[in-house]
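Following: one structure in structure tokens, then a few remarks.
The values are calculated or read from the model by the stated rules, or taken from the named source; none is laboratory data. Model, not experiment: these values are computed from the prediction. Cβ coordinates were reconstructed from backbone atoms using ideal geometry, including for glycine residues, and neighbour counts include every protein chain displayed. The area values use the complete protein model at the heavy-atom level, side chains included, leaving out ligands, DNA and RNA. Shrake-Rupley method; radii C 1.70, N 1.55, O 1.52, S 1.80 Å.
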Amino acid sequence: MSSEKKGLHALAQSLNHIVSEGRNSHTKDIDTLSTEGILTRINEEDATVAKAVASQISHIAQVVDAATLSIKRNGRLIYIGAGTSGRLGILDAAECRPTFSVPDGVVVGVIAGGEKAIQHAVEGAEDDEQAGKNDLQQLALTQNDTVVGISASGRTPYVQGALRYAALKGCATAAIACSPNAAIFAPADIAICPVVGPEVLTGSTRMKSGTAQKMILNMISTATMVKLGKTYENLMVDVNATNEKLKARALRIVMQATDCDEGTAEQALLASGDNAKAAILMVLTGINAQQASDQLSAHEGFLRRAVDASKP
């Protein structure tokens, strides 16, 4: 047997031990079902994902705390993965700027194969362990960064290489995989393992595994931004009003936070340069735009603290 065939045989054997690669006994008849039957079966399987994610909350919390500390130290939250996992990381990172007014370089998504791989499969990219290290080197990684490796199977060499390098640089590291004893857990400080079970279609980890990863990344970024003062109550008060929709959202946020009328909210936003946080503080406390800006700076951008400090 050639070395190539031996390698493929070994890989096939290893996949037998990965939960997400197993066959799902509940969906073996999926090709015999009606359209609604297929969709119902998929939905039934999806309904199990949230419980698997809930079992990992204590571990997810550790990542949030690490990411919060990183960003406070002028570091970054960096997601890195291949295929679906990499695309999910890029999606979550990209949403942070418009949602929370975070500069593009603060939450970063990296995918095996580079930008081309966002839309197209790049064959072999996930198997290149050195490339994972190289891609993080291109980011000039520092010990202030938090690096989160993402892989449904947990065996992706690209992610393993990235996490090993991040660990050597002294970064906080975390790994997300949907199979216990995943290889990517070894170089990571924090292991997040939502065991969602075999997929509806065997090995199609864009399904339940991808859903679990999306939920976890949403939790990490959202909770981190809450802890950085990017929200007031449950409102996105740091929204970056760069287009008409977001300007309308900022207007609604000011009105919702203060119970003021539209005209009052418009005036406050105009005076504050479309800064929803400052506008809310102005309406709630009666101070002017400069005073609101000073108060927010004094309280590290936390609106609730600034409101409490400005009350008579």
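Relative contact order, percent, of segment 108-218 when contacts are C-alpha pairs under 8 Å separated by at least 6 residues?
Rounded, it is 21 percent for segment 108-218.
With springs only between Cα atoms under 10 Å, which of 162, 82, 54 fluctuates most in a Gaussian network model of the chain?
Of the options given, 54 has the highest mean-square fluctuation.
Distance in nm between label sites at residue 247 and residue 25, each 7 Å beyond Cα in the beta-carbon direction?
My value for the distance between the label points is 6.0 nm.
So for the pair residue 62, residue 74, with labels modelled 7 Å out along Cα→Cβ, what separation do we get in nm?
A separation of 2.9 nm, rounded to one decimal place.
Output the antiparallel fraction of DSSP beta bridges having both residues in the chain, as a percent to the nearest 5.
5
Say each of residue 97 and residue 55 gets a label point 7 Å from the Cα, pointing the same way as Cα to Cβ; how far apart are those two points in nm?
Output for this residue pair reads 3.8 nm.
Work out which helices of the chain, taken as complete DSSP H runs, extend at least 20 Å along their axis over the Cα atoms and score a mean Kyte-Doolittle of -1.0 or more, then list them.
Sorted by number, the helices that extend far enough and score high enough are 57-72, 83-100, 208-227, 244-258.
Pairs 28/133; 116/169; 28/51; 51/277: which exceed 32 Å Cα-Cα?
Flagged as over cut-off: 28/133; 51/277.
Keeping every protein chain present and rolling a 1.4 Å probe, give me the accessible area per residue for the chain in Å².
Per residue, the chain has 50 Å² of solvent-accessible surface.
Ignoring any ligand, DNA or RNA, what whole percent of the accessible area of segment 148-213 comes from carbon and sulfur when the probe is 1.4 angstrom?
51
What's the FRET efficiency of residue 308 with residue 256 using the Cβ-Cβ distance as r and R₀ = 25 Å, to the nearest 0.05?
0.85
Please report how far the C-alpha centroid of segment 254-312 lies from that of segment 14-80, rounded to the nearest whole angstrom.
Between the Cα centres of segment 254-312 and segment 14-80 lies a distance of 39 Å.
With just the Cα atoms of the chain, tell me how far they stretch along each of the three principal axes, in Å, largest first.
Per principal axis, max minus min of the Cα coordinates gives 79, 51, 34 Å.
Show me the ranking of peptides 168-176, 277-285, 127-135 by mean Cβ neighbours inside 10 Å, starting with the highest.
Packing order, densest peptide first, comes out as 277-285, 168-176, 127-135.
Among 62, 119, 137, determine the one that fluctuates most according to a GNM of the chain built with springs between C-alpha atoms less than 10 Å apart.
119
So if we plug the beta-carbon distance of residue 46 and residue 138 into 1/(1 + (r/R0)^6) with R0 = 45 Å, what FRET efficiency do we get, rounded to 0.05?
That pair, residue 46 with residue 138, gives E of 0.80.
Counting helices only, and only those DSSP H runs with n ≥ 4, report the 222 nm mean residue ellipticity of the chain as the sum of -39,500 (n - 2.57) divided by its residues, in deg cm²/dmol to the nearest 500.
Computed mean residue ellipticity for the chain: -16500 deg cm²/dmol.
Using packing as a proxy for protection, rank 186-193, 241-248 so that the peptide with the highest average count of other Cβ atoms within 10 Å comes first.
In descending order of packing, they fall as 186-193, 241-248.
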